[in-house]
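Asker: Please read through the structure below; I'll follow up with questions.
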Amino acid sequence: MRTRWQRWGYLALIGYLAFFGLARAETVRIAVGEWPPYISESLPQQGFLCQVVREAFAAEGLDVSFHFYSWAEAYKRTLDGRYVVTMPWFRSREREQAFYLSASLGDFTTRLFTLAGSPQVNLGELAREPIGVTRGYFYGDGFAARQSELALEWSDSDEENLEKLISGRIRYVMMDEQVAQALLQQMMLRHPQPLKLMGAPDPIWSQPGYLLMRKADPDARRLMLLFNAGLHKLERSGRLAKLWKV
């Protein structure tokens, strides 16, 4: 009898410890900004890029929570130590000094877009034709070098930029390809005519994006290695490519 009660006691203890361990699973807090369809507080799963990060950490037994700010504030709060992780960011010398960079989340690609029916050209073929661009965005060193040679039509947002294209005010815009297609789907609800975007074959700019982990935090390197391991599992299984096709 005593042996049976001991056995039940051991099972109960094991169950309690297992539950207690799950209840206290480590949560990685990540500072982000709004960038639909990649990241948005209003989207399912908070955007497909948040889901990539969530599943990569989950593969290594960690939970995540995303905290939304302006992009400048998300970066500053991480640099100041209020967060260990922020994402996604592109590589720069300044960031490499303060942060560990994770394995690549994937390539973020900006293209020259026009509506179907307009001539499809590359940036080098446009001189006097107005090109829609958004204030505050970086379009790569190649664009910056020839910016003075181009006729640019500035907008305060990607939405405003694309509205100018659809209304016929301009015939070409530069935009991230995922953002352009997501915005077009939204705008088609307000515009009765069928709309289709055509992207130039040669990208304006394409760079990998990364998680940044603040080097001064003692957990940063461990979190980077865990995330990289989880991301590699997603890549090997084909799950990463599937999430990027959302």
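The values are calculated or read from the model by the stated rules, or taken from the named source; none is laboratory data. No experiment lies behind these values; they were computed from the predicted model shown. Every residue, glycine as well, gets a Cβ built from its backbone with ideal geometry; the counts of neighbours run over all protein chains shown. Accessible surface is based on the protein model in full, side chains and every heavy atom, while ligands, DNA and RNA are left aside. Shrake-Rupley method; radii C 1.70, N 1.55, O 1.52, S 1.80 Å.
Asker: Please go through the stretch 133-159 and give me each residue that is open to solvent by less than 70 Å² (accessible area, probe 1.4 Å) and not hydroxyl-bearing (S, T, Y), ordered by number.
Answerer: Filtering the stretch 133-159 down to residues open to solvent by less than 70 Å² (accessible area, probe 1.4 Å) leaves 133-134, 139-140, 142-144, 147, 150-153, 155, 157-158.
Within the stretch 133-159, V133, G140, G142, F143, A144, Q147, L150, A151, L152, E153, D158 meet the criteria.
Asker: Does at least one position in the stretch 158-166 carry a residue that is outside any helix (DSSP H, G or I) and not small (G, A, S)?
Answerer: The first filter runs over the stretch 158-166 and keeps only residues outside any helix (DSSP H, G or I), leaving none.
Checking the stretch 158-166: not a single residue is outside any helix (DSSP H, G or I) and not small (G, A, S).
Asker: Looking only at the stretch 24-71, which residues are under 12 Å from the mean Cα position of the chain (by Cα) and polar (S, T, N, Q)?
Answerer: Answer for the stretch 24-71, where residues must be under 12 Å from the mean Cα position of the chain (by Cα) and polar (S, T, N, Q): S40, Q46, Q51.
Asker: Kindly list, by first and then second residue, each pair from a residue in the stretch 164-191 that is among the polar types (S, T, N, Q) to a residue that is not in a helix (DSSP H, G or I), limited to pairs with Cβ atoms under 6 Å and residues at least 6 apart or on different chains.
Answerer: Short answer, once both residue conditions are applied: Q178/P37.
Asker: Hey, D176 hits all of (1) open to solvent by 30 Å² or more (accessible area, probe 1.4 Å); (2) within 20 Å of L126 (Cα to Cα) but one; which does it fall short on?
Answerer: Only one criterion is unmet by D176, namely (1).
Asker: I'm checking my understanding of the structure. Among residues of the stretch 72-97 that are crowded, with 17+ Cβ neighbours inside 10 Å and hydrophobic (A, V, I, L, M, F, W, C), which one is nearest to S206 (Cα to Cα)?
Answerer: By that ranking, first place goes to W89.
Asker: Out of the stretch 201-224, which residues are closer than 21 Å to D80 by Cβ and not in a helix (DSSP H, G or I)? Working first, answer last.
Answerer: So the first thing to find is which residues in the stretch 201-224 are closer than 21 Å to D80 by Cβ, and the list is 210-224.
Selection gives Y210, L211, L212, M213, R214, K215, A216, D217, P218, D219.
Asker: Please count how many residues of the stretch 101-158 are closer than 24 Å to W35 by Cα and of a type in the set (A, V, I, L, M, F, W, C). Reasoning before the result, please.
Answerer: So the first thing to find is which residues in the stretch 101-158 are closer than 24 Å to W35 by Cα, and the list is 101-115, 131-144, 152-158.
Subset that is of a type in the set (A, V, I, L, M, F, W, C): 101, 103, 105, 108, 112-113, 115, 131, 133, 138, 143-144, 152, 154.
Residues flagged as closer than 24 Å to W35 by Cα and of a type in the set (A, V, I, L, M, F, W, C) within the stretch 101-158 amount to 14.
Asker: Pick from A56, A25: which is modelled with pLDDT under 95 and open to solvent by less than 50 Å² (accessible area, probe 1.4 Å)?
Answerer: Numbers: A56 fails: modelled with pLDDT under 95.
Answer to the selection: A25.
Asker: Scan the stretch 186-201 and give yes if some residue there is under 30 Å from F99 (Cα atoms) and at pLDDT below 95, otherwise no. Break it down stepwise before answering.
Answerer: Here is the first cut: in the stretch 186-201, the residues under 30 Å from F99 (Cα atoms) are none.
So far as the stretch 186-201 goes, no, none of its residues is under 30 Å from F99 (Cα atoms) and at pLDDT below 95.
Asker: Conditions: (1) farther than 30 Å from E163 by Cβ; (2) open to solvent by less than 40 Å² (accessible area, probe 1.4 Å); (3) in a strand (DSSP E or B). Y100 meets all but one. Number of the miss?
Answerer: Result: Y100 fails condition (2) only.
Asker: Further, regarding this structure: Between residues in the stretch 54-75 that are in contact (Cβ under 8 Å) with a residue 24 or more places away in the chain and residues that are surrounded by fewer than 16 Cβ atoms within 10 Å (Cβ to Cβ) and β-branched (V, I, T), which pairs lie under 6 Å by C-beta distance while being six or more apart or on different chains?
Answerer: Final answer for the pair search is D63/T27; S65/T27.
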